Amino acid sequence: MSRRCEITGKGPIVGNKVSHANNKTKRRWLPNLQEASFFSAGLKRNVSVTCSTQGIRTVEHKGGIDSFLLNTAPTKLPLHLRKVRKQLVSKVGELPPPAKAPRRTVKA
């Protein structure tokens, strides 16, 4: 299992640990990954995801796992979530494209 968020794509970053004597040694900062389960209303089951805490907030902000998957392009999702998205599209269908708001004209 790679240490990468399935939602945001965050992974480990590398840098130097610098001592008081200015000695530099390599180190890694790992993302805060959690095993999260989101309930899919369209599939009527839980979807397990390894994601960062920011990824959990992103899914909740988008309105749940169903709307997140339907509003995200399949090429931006890992293979595991592409399969879930495909199952969701076959059961629920695609979301319609957002309607354009009429342009407002400013009277001078």
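The values are calculated or read from the model by the stated rules, or taken from the named source; none is laboratory data. Quick caveat, the model's predicted, so the values are computed rather than measured. Because the Cβ atoms are built from the backbone with ideal geometry, glycine has one as well, and the counts that use them run over all protein chains shown. Accessible surface is based on the protein model in full, side chains and every heavy atom, while ligands, DNA and RNA are left aside. Shrake-Rupley method; radii C 1.70, N 1.55, O 1.52, S 1.80 Å.
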- Item | VAL47 long-range amide H proximity, modeled H, under 5 Å | PHE38, PHE39, SER40
- Beyond 22 Å between alpha-carbons counts as too far, so tell me which of LYS44/LYS76; LYS62/LYS86; LYS10/LYS44 fall in that bin. LYS44/LYS76; LYS10/LYS44
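When ligands, DNA and RNA are left out and all protein chains stay put, how many square angstrom of accessible area per residue does the range 1-73 have with a 1.4 Å probe?
67 Å²
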- Note on the structure: The lysines whose Cα lies under 29 Å from the Cα of LYS17, excluding any fewer than 8 residues away in the same chain, are LYS26
- If you average over every viewing direction, what projected area does the convex hull of the Cα atoms of the chain give, in nm²? 12.6 nm²
- Query: Taking the chain as a Gaussian network, Cα atoms linked when under 10 Å apart, which of THR58, THR25, THR72 shows the biggest mean-square fluctuation?
  - Reply: THR25
- Lys and Arg at +1, Asp and Glu at -1: neighbours of THR8 with Cβ under 11 Å from its Cβ sum to +3
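As an exercise, identify the trypsin sites (Lys or Arg not before Pro) in the range 19-88 lying in DSSP coil whose Cβ has no more than 14 other Cβ atoms within 10 Å.
LYS44
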- Counting only protein heavy atoms, what percent of the accessible surface of the chain is carbon or sulfur at a 1.4 Å probe? 53 percent
